[in-house]
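The next block holds one structure in the form of structure tokens; read it before the comments.
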Amino acid sequence: MYEGAVQDLIDELGRLPGIGPKSAQRIAFHILEADKDDMQRLAESIQTVKDKVHFCEVCFNVTEQDRCAICRDDRRDETVLCVVEESKDVMVIERTRSFRGKYHVLGGSINPMAGIGPEQLHIRELLTRLSDDRLQEVIIATDPNLEGEATATYLARTLKTLGIQVTRLASGLPVGGDLEYADEVTLGRAFEGRRSLIG
């Protein structure tokens, strides 16, 4: 245990996701040893993000304006909506350059153990958006884990009466992976999602 400000900094850094006690200590000492101007810019960047960035009024992606850049883009396909858990998922999909529709960010996934049910997510707002007659397909792109699967199942059940096509991202073997290292669930999904190579 360190004393005063150093321990306070370690404690605060340790509260960040993915930062354990050793990483928090390493980062704290990096901050202590770094140039004061560099750390001042870091502190200002954090404050600016907290002051300026909020959630898009349409899709709940992060933005500095009322609507995010994707919602403002008239060239995007209005007939397809991709539902993701978090804003960071939008950026991951955008990097693929294979989706040109719009997004809806749920703000998490259903997780009863953590007290997160459908009411805590942006599902009500999703249903409101789906009243738009232009929408033809909803792609559910939640994480392929227990919480993501529960969320996808809930959404599929909720949306099936709306007459809109509901699809789920395929999951299976990663490119460059070896069969011997695949777990049973991943391999099973790869079999279920198999596609024809001929015609």
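The values are calculated or read from the model by the stated rules, or taken from the named source; none is laboratory data. All values reported here derive from a predicted model rather than from experimental measurement. Cβ atoms come from the backbone with ideal geometry, glycine included; neighbour counts cover every protein chain shown.
Before moving on, here are some points about what is shown:
- Matching residues, the stretch 133-191, being assigned to a strand (DSSP E or B) and under 21 Å from the mean Cα position of the chain (by Cα): E137, V138, I139, I140, V166, T167, R168
- Here R95 fits the description: outside any loop (DSSP other than H, G, I, E, B), loosely packed, with under 12 Cβ neighbours inside 10 Å and assigned by TED's automatic domain parsing to the domain that holds P144.
- Per-region count, the stretch 137-168, residues on the phi > 0 side of the Ramachandran plot and touching a strand residue (DSSP E or B) at 6+ places or on another chain (Cβ under 9 Å): 0
- When restricted to residues that are under 25 Å from E85 (Cα atoms) and basic (K, R), the stretch 163-199 contains 2.
- Verdict on I139 being crowded, with 17+ Cβ neighbours inside 10 Å, β-branched (V, I, T) and either touching a Lys or Arg at 6+ places or on another chain (Cβ under 8 Å) or modelled with pLDDT under 95 (or both): yes
- Residues being assigned to a loop (DSSP other than H, G, I, E, B) and either free of Cβ contacts under 8 Å to residues at least 12 places away in the same chain or within 15 Å of the chain's Cα centre (by Cα) (or both) - total across the stretch 48-67: 9
- Looking only at the stretch 173-188, residues that are charged (D, E, K, R) and either in contact with a Ser or Thr (Cβ under 9 Å, 6 or more places away or on another chain) or assigned by TED's automatic domain parsing to the domain that holds P144 (or both) come to 0 in all.
- Test: residue in the stretch 41-48 that is hydroxyl-bearing (S, T, Y), touching a Cys at 6+ places or on another chain (Cβ under 9 Å), over 22 Å from Q165 (Cβ atoms) and not assigned by TED's automatic domain parsing to the domain that holds I164: no
- Cβ pairs under 9 Å, 6+ apart, first in the stretch 10-28 and more than 17 Å from I46 (Cβ to Cβ) and assigned to a loop (DSSP other than H, G, I, E, B), second small (G, A, S) and at pLDDT 95 or above: G20/G14
- Residue count for the stretch 78-127, restricted to those that are without any contact (Cβ under 8 Å) to a residue 12 or more places away in the chain and closer than 15 Å to C56 by Cα: 2.
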